[in-house]
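Chemist: Before I ask anything, here is the structure I am working with.
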Amino acid sequence: MNATKRKFNTLIQGIGARSPQSSDLGDGHPQVHDEATASSPLSRLSASISTPGRATMPPFDTPSPSADLLSKRRRIGVLEMASPNQRTGGTTISNVVLKKWTPTTTASAAQKDAWTEPPRYCPNDRDELIKRLGTFQELTEWTPKPDKVNEIEWAKRGWVCQGKERVRCNLCHKELVVKTNTRTVDGKQVPVVVGSDVEQGLAKRFSELIIEAHEEDCLWRKHGCDDSLLRLPLATPKTALASLRERYDDLCTRPSFLPYSFNLRLPSTLDLKATKSHLPPNFFTEPPPPSTNPSSPSDVALALALTGWQGLTNPRIGAVPNTATCATCLRRLGLWMFRSKEVDEATGKVIVPAPMDHLDPVREHRFFCPWRNATVQRNPGAKTKDNKAAWEVLAQTLKNSAYLRQEAEKSTHRSLFHRPTASLPVTPSRNKKQGGEEQVVTPPDKLEDEEEDLAARDAKDKERWAKLRRVKSLFDTKGRKKLQRTLSRPGTASSRPTTAHSRQESVAGKPSEKA
């Protein structure tokens with residue numbers, strides 16, 4: 001074992017050492033090797049890595065380090081790359097590092113980088129569209145533009161805000177400066193008053209550059225995001241209720257910053273009391289609410305949640321207690337600006353008003369947000385042209401869900417009462433007669449309810465039969481009606497069965513009629 005180890009150390013120490021018998025290649029004479037050197041593994045390794053036919057650098061006059069110094073450096077683990085002054089005419093190896101190579105390590109690292117890298121072309125990804133829109137929300141970087149060249153139009157074609165009035169494509173990396181009514185003076189953006197014709201011309205030109213500014217082979221040039229991509233899926237009651245409860249719980253964590261109920265200006269068509277009655281009975285209790293929620297439901301938090309607002313959470317500092325945000329348009333709303341500073345609790349009179357007069361939770365959304373814009377929330381497959389904003393769709397969904405729950409409860413109630421073998425599901429009260437017998441007394445309100453249900457069912461049955469008769473009359477022709485009238489007359493031949501005598505008379509009467 002020791003002999004093998006010594007041989008291996010000798011082999012390692014010999015790598016990179018210059019052979020004393022070798023001559024410089026620049027002299028034009030062949031190298032001379034003895035038999036031991038030619039047959040050693042070191043010579044075979046050097047021959048395998050040598051590059052014949054390639055011009056080599058002439059040797060330098062600086063002497064190479066001694067073999068003892070190189071050996072010492074290798075023993076203590078110092079890895080040193082040979083400097084240009086230490087290179088000889090041939091290709092040599094200064095150090096050898098033995099390390100186990102695992103292909104899975106490199107592959108996993110490459111896959112991890114590929115997974116973490118955001119997609120560059122994703123026209124049907126709603127989350128990526130919202131991320132691109134988030135780059136335009138800083139007023140110091142992007143000022144409001146005309147409708148044709150606003151931020152939603154740029155984000156739909158893959159552009160992001162890269163700097164002051166500058167956009168950049170994630171796929172082809174083209175950049176473009178967008179200025180319609182500003183100019184740079186001393187390094188600052190100064191608004192400039194331009195004519196309406198000039199502004200319209202600039203807007204038209206930039207609207208063309210939204211597509212044409214991409215590279216010829218860029219995919220964003222060929223196809224962008226659909227207009228209905230920002231539409232919120234609120235038609236499913238289960239999903240809509242879950243997201244509404246999540247926004248409500250998030251707003252309840254900041255009760256000291258929520259405005260008062262008189263600080264809100266809700267739309268005239270939003271009846272908060274009726275909408276609250278349409279919620280499931282266990283909406284505020286299941287799942288169990290956090291400890292920060294008030295004992296009684298908060299109407300202000302529910303109103304803000306119905307209109308799409310939730311608490312702001314910063315990824316660095318966590319929850320921001322005095323700010324709300326919209327997850328779709330990324331609008332930030334300072335709640336402290338709309339809350340009255342001082343209110344008399346006894347009379348409810350405002351002593352110190354809020355900085356802002358009132359809070360309109362629908363109007364505070366950005367112009368392209370589906371919670372405010374009914375056109376963005378429009379269903380492309382809808383047959384009606386009656387467009388509704390997202391909060392209106394949510395209120396209608398809650399109303400429909402409440403109606404279906406009531407109908408399901410009624411059907412269950414009817415099935416229990418109208419079973420022929422089932423008894424009435426009531427709690428009987430026992431009254432003792434004078435003889436000691438017990439009598440089960442049914443509550444009168446239950447009997448009245450049953451009679452009302454039976455009367456309503458009979459009325460619906462009569463109405464259904466009347467509709468069926470009207471539909472049947474549409475398929476009756478004139479000839480069929482005449483035949484039915486003839487068959488229904490009493491005393492006619494067709495109204496009684498024929499006999500053999502009547503058949504003979506009819507046959508005998510035919511020739512006479514012909515004559």
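The values are calculated or read from the model by the stated rules, or taken from the named source; none is laboratory data. The structure displayed is predicted, hence computed values, not measured ones. With ideal geometry, Cβ positions are generated from the backbone for all residues, glycine too; neighbour counts draw on all protein chains shown. Heavy atoms of the whole protein, side chains included, go into the accessibility calculation; ligands, DNA and RNA do not. Shrake-Rupley method; radii C 1.70, N 1.55, O 1.52, S 1.80 Å.
Chemist: Per the 1.4 Å probe, what fraction of the accessible area of the range 240-379, in percent, lies on carbon and sulfur atoms?
Modeler: 53
Chemist: Determine the dipole magnitude for the range 151-301: charges of +1 sit on the beta-carbon of Lys and Arg, -1 on that of Asp and Glu, nothing else is charged, the reference point is the Cα centre, and the result goes in debye to the nearest 20. Walk me through the numbers on the way to the answer.
Modeler: On the way: 21 positive and 20 negative charges, 46 e Å.
Around 220 debye, computed over the range 151-301.
Chemist: Roughly speaking, what is the stretch gain from Asp217 to Lys238, that is 0.36 nm per residue apart minus the C-alpha to C-alpha distance, in nm to one decimal?
Modeler: 3.2 nm
Chemist: Multiplying the sequence separation of Lys341 and Val471 by 0.36 nm and subtracting their Cα-Cα distance, what value in nm do you get?
Modeler: 40.0 nm
Chemist: Residue by residue through the range 196-210, which ³J(HN,Hα) values in whole Hz follow from phi under the Karplus form 6.51 cos²θ - 1.76 cosθ + 1.60 (θ = phi - 60°), with glycine and proline marked x?
Modeler: Taking θ as phi minus 60°, the curve returns 5, 5, 5, 5, 5, x, 5, 5, 5, 5, 5, 5, 6, 6, 4 Hz for the range 196-210.
Chemist: If I model a spin label as a point 7 Å beyond the Cα along the Cα-Cβ vector, how far apart are those points for Ala455 and Asn387 in nm?
Modeler: Result for the modelled spin labels: 4.9 nm.
Chemist: Express in nm, to one decimal, how much length is gained between Arg6 and Asp147 on full extension, taking 0.36 nm for each residue of separation and deducting their alpha carbon distance. If you can, show how the numbers build up before the last one.
Modeler: Numbers: separation 141, 0.36 × 141 = 50.76 nm, distance 8.15 nm.
Residue separation times 0.36 nm, minus the Cα-Cα distance, leaves 42.6 nm.
Chemist: How many nm is it between the label spots at Lys273 and Asp360, if each spot is 7 Å from the Cα in line with the beta carbon?
Modeler: About 2.5 nm separates the two model spin labels.
Chemist: In addition: Please go through the residue pairs Lys276/Lys385; Lys131/Lys385; Lys131/Lys399; Lys204/Lys383; Lys131/Lys222 and name each one whose alpha carbons sit more than 23 Å apart in this structure.
Modeler: As for pairs spanning more than 23 Å Cα to Cα, those are Lys276/Lys385; Lys131/Lys385; Lys131/Lys399; Lys204/Lys383.
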